[in-house]
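To start, the structure itself, in structure tokens.
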Amino acid sequence: MASRPKIDFKPFAAPGTGTVALIAGEDLALGEHARAVAESAGLERAADTAGFTGATGSLTHFPPAESGFGSVVCVAAASKSEAIGDAHDATMALGGRILAIAGEPKGSLTVLAETADGPMDAESCAALAAGMLLRAYRFDAYQAAKDDDGKAKGKGKSKRKAQLAIAIQCADPTAARKAFKAASGVADGVMLARDLVNEPANVLGPVEFAKRAAKLEALGVEIEVLGIKEMTKLGMRALLGVGQGSERDSRLVVMRWRGTKARGVKPVAFVGKGVVFDTGGISIKPSASMEDMKGDMAGAACVTGLMHALAARKAKVDAIGVIGLVENMPDGRAQRPGDIVKAMSGTTIEIINTDAEGRLVLADALHYTIDRFKPQFVVNLATLTGAIMIALGNQYAGMFCNDDDLSGKLSQAGFDTGERVWRMPLGQAYDKQIESKFADIKNTGGRLAGSITAAQFLKRFVGDTPWAHLDIAGTAMSSPKTDISQGWASGFGVRLLDRMVADHYER
Ligand code: BES
Ligand code: MN
Ligand code: ZN
């Protein structure tokens, strides 16, 4: 979408005329190369007068000194104890902060990848750069370009200002460049997820979404797209019922990345809710903030972004991604409260509220995935309930899991990446709330524990397979701004699941 900074890695050398960023520790402690720059730029004297202490999180901006530099920016690294997550994610955040403090300068930015402890390793250099990419992300395809003074610069398609060139000076540019190949692949996956969530529903319907997912073929991902006919044959009437009030046909996309030759290992699987727009259907939603429901496909966007990430960095894993793509509209053909549908698994469902549609889509997508691929586990992501925002706000995704080992791995990856998940309870006692008078189950469980009864509903379709459901209604969109996420769509879940795969499932 937006113009992406061009990043390269160079050996330490005298920086040119653009903006130079140095990484400071406590008391303005700099590494040896940064110290040389600081000295010749008169930075140390300026720092005295400006009272810069280099305390955690503080930062300062120094105008050009008498030397030949442009401006010199000094950004304090968060101290280890304050950093949330492990070193790489703190480093990603630092990259984002450097870009912000430098003011996303035009022209060039040179970053000295060095702390008082010495040069950063290749992985850290890559993380720093990936953080800058994510920070620079904009979704501005539909806005006229602005001049530097903020005035619109003609109409039509937006043309952004000149591409920013970033040079990261480091100890081993070749190693850093190699590490960045993987890190930027993951960042691209995050940005793909953001693009999909930000895209309005008039542009991104189920068919268009499927086409975007099919582009992953270029990375070696195998793609199958199931249409109405195929899904009808399979008996996916829970999913199809949701889409039947829309002018636009539903789709199910199956993505597979085979990144390992290891035999006898079951694949890992990810399933996403892809409601391209959720009006609520006949149980129509109130108008306030309904526009946000263009993001009700964030689960599917995350799965697509994750498949991109895994393929781009050639992860040594056999991974399946399945996304159910529908539009939930009120119409003469739309499904009604009181309707009873039979899911692919054979379970019958009484529709109480057509706005509880995500679980219907997932019921069939989950059953299909488990039935066909017999994965070692399945993680589904969905903007499933408003209630999860009441419980956890925008800081944690809700995690519902039938397997302690899987939930432990997800919690740890969440902590490490800053894409945090909090485990919520499951329990048979809640099943009473979804008992139906007429069918096997009903699709809503009343006012109490709305996120839990939704999870309890999904549980009916996963059998004994280790499974986790992540309710990302509060974290995938209009979530808080961070050092590496500034827009409406965060791309939540891509880094989390990529990390979990990298830490535990590659071979
Ligand atoms: N997509 C919504 C949940 C949602 C709401 C996500 C706000 C993001 C922001 C979901 O389909 C829905 O409408 N859920 C209902 C369920 C209810 C009818 C049982 C809800 O949460 O109100
Ligand atoms: Mn809904
Ligand atoms: Zn929904």
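Just so you know, all these numbers are worked out from the coordinates, no wet-lab data involved. None of the values given here were measured: they were computed from a predicted structure. All Cβ positions, glycine included, derive from the backbone under ideal geometry; neighbour counts span all protein chains shown.
Observations on the structure shown:
- Extension gain for K181 to K6 (0.36 nm times residue separation, less C-alpha to C-alpha distance): 61.7 nm.
- Sorted peptide list for 137-143, 481-487, 123-129, criterion being average Cβ within 10 angstrom, highest first: 123-129, 481-487, 137-143
- Using the Stokes-Einstein relation with a Kirkwood hydrodynamic radius computed over Cα pairs, the translational diffusion coefficient of the range 258-352 at 20 °C and a viscosity of 1.002 mPa s comes to 135 µm²/s.
- Rounded to whole Hz, the Karplus (6.51, -1.76, 1.60) HN-Hα couplings of the range 348-355, x for glycine and proline: 9, 10, 8, 7, 9, 9, 6, 7
- Neighbour-count ranking [beta-carbon atoms within 10 angstrom, fewest first] of I472, I23, I320, I282: I282, I320, I23, I472
- Taking amide H atoms as placed 1.01 Å from N in the peptide plane, the amide H of F9 lies under 5 Å from those of I168, each 5 or more residues away in sequence or on another chain.
- Size estimate for the chain follows the Kirkwood approach: the inverse of mean 1/r over distinct Cα pairs works out to 23.9 Å.
- Site pair T174 and A141 shows an inter-label distance of 3.9 nm when each label is modelled 7 Å from Cα along Cα→Cβ.
- Over 28 Å (Cα to Cα) - which of K10/K409; K215/K294; K229/K442 fall in this group: K10/K409
- In this simple spin-label model, placing a label point 7 Å from the Cα along the Cα-to-Cβ direction at both A429 and E44 gives a separation of 6.6 nm.
- Close amide-amide hydrogen proximity is noted between V271 and V322, V379, N380, L381, each under 5 Å apart and 5 or more residues distant or on a separate chain (H modeled in the peptide plane; Pro and chain starts excluded).
- Remark: the D331-E32 segment gains 100.8 nm on full extension, using 0.36 nm per residue and subtracting the alpha carbon distance.
- 5 angstrom amide H check on A397, placed H, neighbours 5+ away: R420, V421, W422
- Here the extension length gained between V203 and R263 equals 17.5 nm, from 0.36 nm per residue of separation less the Cα-Cα distance.
- Computed from label points 7 Å out along Cα-Cβ, the spacing between Q376 and K233 is 3.2 nm.
- Only DSSP H runs of four or more residues enter the estimate; each adds -39500 (n - 2.57), and after division by the residues of the chain the mean residue ellipticity at 222 nm equals -10500 deg cm²/dmol.
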